[in-house]
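What follows is one structure encoded as structure tokens, with my remarks underneath.
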Amino acid sequence: MKHPNKVLILLYLVAGTLCANSHATTKQDLKEAYRPATVISVRKLDTNANYAYNVGFEFDCMVYIARYKSANDVVPPQALALNSSVNIRLENEWLHVSLPDARDLTMRLVSANGTPDDACSSKAAGSALAIPPGTILPISLNSEISSDRSKAGMPITATVMQDVPLGAGVSLSKGSKIFGRVLEAMRPGGGSAEAKVTFEFDRVQFGARTVPVTTNLRALASLMEISAAGTPKVSSDASSTRNLVQIGGDQESYGQGAVLLDSKVVGTYTNQGTLAYLSPDLGTECRSAIEGNTRAQAFWVFSAHACGSYGFASVKILHAGRTSPVGRITLVSNGKPVNVSRNSGMLLRVDRNDPAKTSAEAAAPAQ
């Protein structure tokens, strides 16, 4: 029998390792949630303390005013000088600023308003059109989404797993980041056995810009399903042909490029994943081509007919975000927590931006 003290030491070491890994994951998620902004104003406040400043930041045609305070009468850091570039992250009533010298500042948000600059408004409109409605975004989660561990306001990120064609020879590159946040997380209780988590993905990294989008959820797949989709299956006719079967049912000949469904070619296989066309006879609640976007879409390891949840025994898509409230995705589970782990896969679909939602967010005063 092992000495009790040695056993305890081993347990402490394992627990410490797990905590360290969890902390690193959280730091990575937060790092990816920062976005580039420009300092547009620095105003000293007339207060008795005489060391408070309101600093203005512009990002995507929004102006955020945050309060900088120092322990003594000193000006804000040089990195917050006018026209300086910094990275910011919003979290409820706080604005977190990452400075070029690796320092981080946490400042209370005073206000958030859209800019009256027509040039900025035109730029924002052009950015929104950069990801056309109807575009499929195949993503892998960088963040866990859980009814037990997620909290409202928590940032979530994901990575685009395949080059996404946008038309006119332009693509959204594989490796681009998708940003969003958890809106609500509920454990079972109060007489209900249902667990629920609501979230949204509303920003896409597009080159050097971050583009606002409205997305809905077309399909969700577990890590096990994704792994299985990448494992060739041997044909039942005892031939040497090996096939890949995508999540949702399409089949492609391994190494030959054709994606088939009932002997009908529906797309082609690339070294990154599948490019396929949405059929008008899907036979599912998921829509075929919308907003006139009939170009080939990037499906990664998913079938062009994939619609719903795959590999999750109890997790269901209660609200995909296709109808009001547009863009808000809700997953539920009866009797068990909703737990969508990192590296799970999703097919998001870009919808036309909801003007009412955009206006409400721009006009909402900061607390």
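The values are calculated or read from the model by the stated rules, or taken from the named source; none is laboratory data. Fair warning: this is a prediction, and the values are worked out from it, not measured in the lab. All Cβ positions, even for glycine, are placed from backbone atoms using ideal geometry, and neighbour counts span all protein chains on display.
For region 163-172, check the following and say yes or no: at least one residue is assigned to a loop (DSSP other than H, G, I, E, B) and either touching a residue at least 12 places away in the same chain (Cβ under 8 Å) or hydroxyl-bearing (S, T, Y) (or both).
Initial filter on region 163-172 (assigned to a loop (DSSP other than H, G, I, E, B)): 163, 168-169.
Add one more test, that the residue is either touching a residue at least 12 places away in the same chain (Cβ under 8 Å) or hydroxyl-bearing (S, T, Y) (or both), and what stays is 163.
There is at least one residue in region 163-172 that is assigned to a loop (DSSP other than H, G, I, E, B) and either touching a residue at least 12 places away in the same chain (Cβ under 8 Å) or hydroxyl-bearing (S, T, Y) (or both).
Residues to consider are G308, G321, G335, G327; find the one that is touching a helix residue (DSSP H, G or I) at 6+ places or on another chain (Cβ under 8 Å) and either touching a residue at least 40 places away in the same chain (Cβ under 8 Å) or closer than 17 Å to I136 by Cβ (or both). Before you say what the answer is, go through the steps one by one.
Details: G308 fails: touching a helix residue (DSSP H, G or I) at 6+ places or on another chain (Cβ under 8 Å); G321 fails: touching a helix residue (DSSP H, G or I) at 6+ places or on another chain (Cβ under 8 Å); G335 fails: touching a helix residue (DSSP H, G or I) at 6+ places or on another chain (Cβ under 8 Å).
After ruling out the rest, the residue left standing is G327.
Picking from T231, T294, T268, which residue would you name as being at pLDDT below 80 and either closer than 24 Å to G175 by Cα or part of a loop (DSSP other than H, G, I, E, B) (or both)?
Values: T294 fails: at pLDDT below 80; T268 fails: at pLDDT below 80.
Within the list T231, T294, T268, the selection yields T231.
Residues that are modelled with pLDDT under 85, buried (at least 17 other Cβ atoms within 10 Å of the Cβ) and under 18 Å from the mean Cα position of the chain (by Cα): does region 132-141 have at least one? No, because not a single residue in region 132-141 is modelled with pLDDT under 85, buried (at least 17 other Cβ atoms within 10 Å of the Cβ) and under 18 Å from the mean Cα position of the chain (by Cα). For first residues located in region 105-121 and assigned by TED's automatic domain parsing to the domain that holds N87, partners that are exposed (fewer than 13 other Cβ atoms within 10 Å of the Cβ) and at pLDDT 75 or above and lie 6+ apart or on another chain with Cβ distances below 6 Å form the pairs L109/E93.
Scan region 93-109 for residues that are small (G, A, S) and not in a strand (DSSP E or B) and jot them down. Within region 93-109, A102 is the sole residue that qualifies.
Look at region 69-92: where a residue is in the same structural domain as N54 (by TED's automatic domain parsing) and part of a loop (DSSP other than H, G, I, E, B) and a partner is exposed (fewer than 10 other Cβ atoms within 10 Å of the Cβ) and at pLDDT below 85, sitting 6+ places away or on another chain with Cβ atoms under 9 Å, you get P77/D101; N92/Q367.
Matching residues to (1) modelled with pLDDT under 95; (2) closer than 20 Å to M161 by Cβ; (3) buried (at least 16 other Cβ atoms within 10 Å of the Cβ):
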| residue | (1), (2), (3) |
| --- | --- |
| F312 | yes, yes, yes |
| V338 | yes, no, yes |
| L347 | no, yes, yes |
| T358 | yes, no, yes |
| A363 | yes, no, no |
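Hey, any hits in region 217-226 for a residue that's farther than 22 Å from K336 by Cα, part of a strand (DSSP E or B) and touching a residue at least 24 places away in the same chain (Cβ under 8 Å)? Scanning region 217-226 turns up at least one residue that is farther than 22 Å from K336 by Cα, part of a strand (DSSP E or B) and touching a residue at least 24 places away in the same chain (Cβ under 8 Å). Restricting A66, A52, A33 to those that are closer than 29 Å to D202 by Cα and at pLDDT 80 or above reduces the list to A66. Selection of region 158-182 for residues being in contact with a Lys or Arg (Cβ under 7 Å, 6 or more places away or on another chain) and over 30 Å from T294 (Cβ atoms) yields only V182. Take the conditions in a strand (DSSP E or B), modelled with pLDDT of 70 or more, β-branched (V, I, T) and within 28 Å of the chain's Cα centre (by Cα) and apply them to T210. Does it pass? Spelling it out, T210 is indeed in a strand (DSSP E or B), modelled with pLDDT of 70 or more, β-branched (V, I, T) and within 28 Å of the chain's Cα centre (by Cα).
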